[in-house]
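> Dropping the structure in here first, questions after.
The values are calculated or read from the model by the stated rules, or taken from the named source; none is laboratory data. Since we're looking at a predicted model, the values are computed, not measured. Neighbour counts are summed over all protein chains in view; Cβ atoms, including those assigned to glycine, are modelled from backbone coordinates with ideal geometry. Protein only, heavy atoms only, side chains kept; ligands, DNA and RNA dropped before computing areas. Shrake-Rupley method; radii C 1.70, N 1.55, O 1.52, S 1.80 Å.
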Amino acid sequence: MSLTLAEARDRAATVEVASYAIDLDLTGWERRRFACTTTVRFTAATPATFLELTAATDVTVDCAHPLTWTYDGRRIALDGLPVGEPVEVVVRAEVPYVSDGDGMHLMTDPEDGETYISAYLSLDVAQRVFPCFDQPDLKATFDLAVTADPRWTVLANGRVREHDETAGRWRFATTPRICPSLFVVCAGPWHSVTWEHAGLPFGWHARASLAAELDRDADELRRTTEACFDHYATLFDQPYAFDSYDQLFGPGHNWGAMETPGCVTYRDEYLPRGRVTDHQRVARATVIAHEMAHMWFGNLVTMRWWEDTWLNESFADYMGYRVADDGAGFAGALVGHESSRKPGAYTADERRSTHPVAPAPEDVPDVDAAFANFDAISYSKGNSCLRQLVTWLGDEDFLAGVNAHLTRHAFGNATLDDLVSALDEASLRDVRAWAEAWLRRPGFDTVAVERDADGTPVLVREGSRPHRFSVTAYAADGSVAGERLIDLAGAPLPLPDWAGLAVVPNSRGESFVRLRLDDHSATFVRQRLSDVTDELQRAVLWAHCFDEVRTGALPVPAYADLVAAHLPREPRPALATAVLDRTLGAVRTRVAAADAVAGLSDAVAAACTTGLTSGPGATDDQVAIALVRGLVATTREPHLLERWLEAGRTDLGADVTLDPALRWSALARLAALGAVDSDRIAAERATDGSFAGDLGAARALAARPTPEAKAQAWARMVEPEVSNRLFESLAAGLWDAERPDLCAPYVEAYLDAGPDIARRRGQGFSLVLGRNAFPALALSADQRSRLAEVLAADVPTVLARQWNDALDDLG
Ligand SMILES: [Zn+2]
């Protein structure tokens, strides 16, 4: 069982932690365990408390003071502590490595045989690495010593203080006070690019087999890092609080990235092999800026309990897009938020599991519940609310409040109330009332466009929140006839000078609100979406169309027509990608009925072909890449894919080479069409030779449309030690939206086996299991009933949350 709020409060009231000294022996990893010696110095106000430590063996506890202890596999219960006196407890243990990112992740790279050992951490992961008081409001300093292969590089929160190159022994500088979940260590023969900036050591690191990719992107990664760092220095009064800034692309990472102070870790898919597209570069820059924002929000000032996850994530998410654009020069980063992230937040906000952006602590009763709240509400909706706050409050007051907050609580913990107080003091506006309306209540308002008898558009709010957003009026040809920033509250707002024009509220996405357009404006959107020249406005319109198809206001065939009409003309790669992802993802697997799936796939294939032959994709290679991916995922023409694989490049539209990721997608599609056999896949895998190649082959093998291939894929998925990445890749091949009958036995098997798998693995794997690996096909009524039935029994919290959400999405 994970730590409860009651336990955390009790422990925070009775324990004060001074420091951890952690000594890790990462040699001899072949025995699948590492030795961990941890010295915890703390003072307790009661004789009994506990440390968390998961799945360790050979545990011993030593203390100069006589005490008793027991270990049950999850917790070390201590009793007989000297009340009110500092005490030093030394715990020695053997701790298992993991293959699922939830702990000390061990990976051997098939490409060169090199091994990497990394702890990316997160909620409840620190305790899978070392014994600790694993909660955010028990901060301490950390001293780390590591013994490892002398050839390796070892990275951690602080700078290397001592390094014995012969013995393979590293000691790191003492950290400022941080909580256990912000600890990090990454060891292996990393390929590194290092430099100095602003008086600090900086570095980017990746597996040795990704050296060429890191060198390819090193200048940009360095430039982006420095630009963001310098930009934050102009925004925040508090200086950067740590002594170094390393960033590492790590294998098997469960998150996009983790903001561990001094050494941020990213999933290594952010360093793609072969080619990095402009769209990926912008997305990566927003993540770099996001993680850096956490150095202040999260690391310098930390939430007290996990109900304020949003304080971390909403803020970092908001800053990520803003600073990638303003600070690092990735213009239009916000298009990615509006088109690919915000639609998911509206979906999430209509599920049973929705919650206020800022829930009450009691609504997050334990860490498993907290984990489930790392969702679209805490990230994308929270980001959207902060953007609305800045629009409503003005940037100057917003930053003044934020800075007062950061200064007041530096190296400590704080709550929503603390932030609201600071903002309220900085502004003449009633921030408390705003926070109550926007952050303390789930759901969102609707803004309707109505028409007077004379054709005057009237904006009507259905809901309770104050809004400030742009409204744009469009002429019949799609050109902008007028635009203004308006405040909308309870009173309807007529716009008489825009009589007869199409009108779109929230046209730049400053607010978080559903649109209901009058017939004239709705027809305009369906006919003219791709004539709107502003990409942010198009992103808002695409998101609106997605909302309509999801909620049934727009039938799936009409949505398919819309995609067919406007996707081929979309000039912005990020938007084309977002439309394709959403259409082939949520619309095809959660919204469309089984008999509409094939038609939707064909509409996408046709739209991509048109875009490549006569749209921007004919000449712009970045648009072409997006459309080629869409076509590869949907085409029914094996000869087309064979031709491209043979030539190593496409022959439709702008020239696109088939990089390794695209090759594997083409092979997976050929496999799903029944057009390649296992020998061909094995040959391609042998040629590729990389870790990503192994995953690509696993996906392609699983995609073959035979009962035997599906059975083999499932058998690999339920192997006890299957890694998070392999599991995901097999699932991506196994589920085939166009062949639900072939997949049916494994929907059943998945639902049967899921709860046990979740119980055996950690929260991160449960998320992969419940979300990424959920059957990507239109489930039948029987299958949905079966899912509901399984959920009625005992399903672990994180998996249950994902499954309940899927059930809601399926309607
Ligand atoms: Zn974050």
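> How about the stretch 463-510: which of its residues are among the acidic types (Asp, Glu), out of contact with any Gly (no Cβ under 9 Å at 6 or more places or on another chain) and not in a loop (DSSP other than H, G, I, E, B)?
GLU483, ASP487
> Can we say THR277 is within 13 Å of the ligand (Cβ to nearest atom), touching a residue at least 12 places away in the same chain (Cβ under 8 Å) and not aliphatic (A, V, I, L, M)?
Taking the combined requirement at face value, the residue does not satisfy it.
> Using beta carbons and a limit of 6 Å, which pairs, at least six apart or on different chains, have the first residue in the stretch 556-578 and surrounded by fewer than 23 Cβ atoms within 10 Å (Cβ to Cβ) and the second one not in a helix (DSSP H, G or I)?
Short answer, once both residue conditions are applied: VAL556/ALA592; ARG569/GLY615.
> Restricting the first residue to the stretch 163-182 and requiring it to be touching a residue at least 12 places away in the same chain (Cβ under 8 Å) and under 24 Å from VAL17 (Cα atoms), which pairs with a second residue that is part of a helix (DSSP H, G or I) and open to solvent by less than 10 Å² (accessible area, probe 1.4 Å) meet a Cβ separation below 6 Å and a spacing of at least six or different chains?
PRO180/ALA126; SER181/ALA126
> Go through the residues of the stretch 321-328 one by one and say whether even a single one is touching a helix residue (DSSP H, G or I) at 6+ places or on another chain (Cβ under 6 Å), open to solvent by less than 10 Å² (accessible area, probe 1.4 Å) and within 11 Å of the ligand (Cβ to nearest atom).
Within the stretch 321-328 (the criterion being touching a helix residue (DSSP H, G or I) at 6+ places or on another chain (Cβ under 6 Å), open to solvent by less than 10 Å² (accessible area, probe 1.4 Å) and within 11 Å of the ligand (Cβ to nearest atom)), the answer is no, since none of the residues qualifies.
> Shifting gears a bit: Please go through the stretch 58-80 and pick out each residue that is open to solvent by 40 Å² or more (accessible area, probe 1.4 Å) and assigned to a loop (DSSP other than H, G, I, E, B).
ALA64, HIS65, PRO66, ASP72, ARG74
For every residue, the table says whether it meets (1) touching a helix residue (DSSP H, G or I) at 6+ places or on another chain (Cβ under 7 Å); (2) without any contact (Cβ under 8 Å) to a residue 60 or more places away in the chain; (3) not hydrophobic (A, V, I, L, M, F, W, C).
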residue: ASP736; (1), (2), (3): yes, no, yes
residue: PRO740; (1), (2), (3): yes, no, yes
residue: LEU767; (1), (2), (3): yes, no, no
residue: LEU779; (1), (2), (3): yes, yes, no
residue: VAL790; (1), (2), (3): yes, yes, no
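> Do you know which residues across the stretch 197-221 are closer than 21 Å to ALA156 by Cβ, open to solvent by 10 Å² or more (accessible area, probe 1.4 Å) and out of contact with any helix residue (DSSP H, G or I) (no Cβ under 8 Å at 6 or more places or on another chain)?
Correct list: GLY199, LEU200, PRO201, ALA208.
> Here's another thing I want to ask about it. If ILE22 satisfies all but one of (1) assigned to a strand (DSSP E or B); (2) modelled with pLDDT under 95, what's the number of the condition it fails?
Tallying (1) assigned to a strand (DSSP E or B); (2) modelled with pLDDT under 95, ILE22 fails exactly one: (2).
> To continue, here is another question. Within the stretch 765-792, work out how many residues are over 29 Å from TRP255 (Cα atoms) and surrounded by 18 or more Cβ atoms within 10 Å (Cβ to Cβ).
Adding up the residues that qualify gives 1.
> Enumerate the helices (runs of 4 or more DSSP H) found wholly within the stretch 344-432, keeping only those where 2 or more residues are touching a helix residue (DSSP H, G or I) at 6+ places or on another chain (Cβ under 8 Å), touching a residue at least 24 places away in the same chain (Cβ under 8 Å) and within 26 Å of ALA6 (Cβ to Cβ).
Fully inside the stretch 344-432 and qualifying: 367-372, 416-426.
> Which members of the stretch 111-136 meet the condition of being open to solvent by 10 Å² or more (accessible area, probe 1.4 Å) and modelled with pLDDT of 95 or more?
Matches in the stretch 111-136: GLU111, ASP112, GLY113, GLU114, ARG128.
> Working only within the stretch 137-166, note down all residues that are part of a loop (DSSP other than H, G, I, E, B) and surrounded by fewer than 24 Cβ atoms within 10 Å (Cβ to Cβ).
ASP137, LEU138, LYS139, ALA148, ASP149, PRO150, ARG151, TRP152, GLY158, ARG159, GLU165, THR166 - these are the residues of the stretch 137-166 that are part of a loop (DSSP other than H, G, I, E, B) and surrounded by fewer than 24 Cβ atoms within 10 Å (Cβ to Cβ).
> With the condition kept exactly as written, say whether any residue in the stretch 276-283 is open to solvent by less than 20 Å² (accessible area, probe 1.4 Å), more than 23 Å from ASN157 (Cβ to Cβ) and over 14 Å from the mean Cα position of the chain (by Cα).
Looking for residues that are open to solvent by less than 20 Å² (accessible area, probe 1.4 Å), more than 23 Å from ASN157 (Cβ to Cβ) and over 14 Å from the mean Cα position of the chain (by Cα), one finds at least one in the stretch 276-283, hence yes.
> A further question follows. With GLY478, GLY463 as the choices, which residue is of a type in the set (Gly, Ala, Ser) and touching a helix residue (DSSP H, G or I) at 6+ places or on another chain (Cβ under 7 Å)?
Exactly one of GLY478, GLY463 is of a type in the set (Gly, Ala, Ser) and touching a helix residue (DSSP H, G or I) at 6+ places or on another chain (Cβ under 7 Å), namely GLY478.
> For residues that are within 14 Å of the ligand (Cβ to nearest atom), open to solvent by less than 10 Å² (accessible area, probe 1.4 Å) and closer than 20 Å to THR174 by Cα, tally how many sit in the stretch 248-264.
3
> Only residues that are small (Gly, Ala, Ser) and within 31 Å of the chain's Cα centre (by Cα): list them for the stretch 28-74, please.
ALA55, ALA56, GLY73
> Which residue, of ALA605, ALA596, ALA618, is closer than 12 Å to ALA564 by Cα and either touching a Gly at 6+ places or on another chain (Cβ under 8 Å) or crowded, with 18+ Cβ neighbours inside 10 Å (or both)?
Within the list ALA605, ALA596, ALA618, the selection yields ALA605.
> Checking ARG31 against (1) open to solvent by less than 40 Å² (accessible area, probe 1.4 Å); (2) modelled with pLDDT under 95: exactly one of these is not met. Which one?
(1)
> Residue by residue through the stretch 330-356, note down the ones that are under 20 Å from LEU767 (Cβ atoms) and within 16 Å of the ligand (Cβ to nearest atom).
ARG341, GLY344, ALA345
> As an exercise: evaluate VAL91 against (1) of a type outside the set (Ser, Thr, Tyr); (2) more than 16 Å from LYS139 (Cα to Cα); (3) surrounded by fewer than 16 Cβ atoms within 10 Å (Cβ to Cβ) and give the number of the one condition it does not meet.
(3)
> Under 14 Å from THR589 (Cα atoms), surrounded by 19 or more Cβ atoms within 10 Å (Cβ to Cβ), out of contact with any Ser or Thr (no Cβ under 6 Å at 6 or more places or on another chain) and not aromatic (Phe, Trp, Tyr) - does that describe any residue in the stretch 711-730?
Checking the stretch 711-730: not a single residue is under 14 Å from THR589 (Cα atoms), surrounded by 19 or more Cβ atoms within 10 Å (Cβ to Cβ), out of contact with any Ser or Thr (no Cβ under 6 Å at 6 or more places or on another chain) and not aromatic (Phe, Trp, Tyr).
> Scanning for something in a strand (DSSP E or B), in contact (Cβ under 8 Å) with a residue 60 or more places away in the chain and of a type outside the set (Gly, Ala, Ser), does the stretch 194-217 turn up at least one residue?
Scanning the stretch 194-217, I find no residue that is in a strand (DSSP E or B), in contact (Cβ under 8 Å) with a residue 60 or more places away in the chain and of a type outside the set (Gly, Ala, Ser), so the answer is no.
> Looking at (1) out of contact with any helix residue (DSSP H, G or I) (no Cβ under 6 Å at 6 or more places or on another chain); (2) farther than 27 Å from TYR318 by Cα, which is the one condition that is false for ASP534?
For ASP534, the failing item is (2).
> Any chance you could count how many residues in the stretch 284-318 are assigned to a helix (DSSP H, G or I), small (Gly, Ala, Ser) and within 14 Å of the ligand (Cβ to nearest atom)?
Residues in the stretch 284-318 being assigned to a helix (DSSP H, G or I), small (Gly, Ala, Ser) and within 14 Å of the ligand (Cβ to nearest atom): 4 in total.
> Consider the stretch 398-417. How many of its residues are open to solvent by 30 Å² or more (accessible area, probe 1.4 Å) and more than 25 Å from ALA345 (Cβ to Cβ)?
The number of residues fulfilling the criteria is 7.
> Which residues, taken from the stretch 265-274, are more than 16 Å from the ligand (Cβ to nearest atom) and open to solvent by 40 Å² or more (accessible area, probe 1.4 Å)?
Across the stretch 265-274, the qualifying residues are GLU269, ARG273, GLY274.
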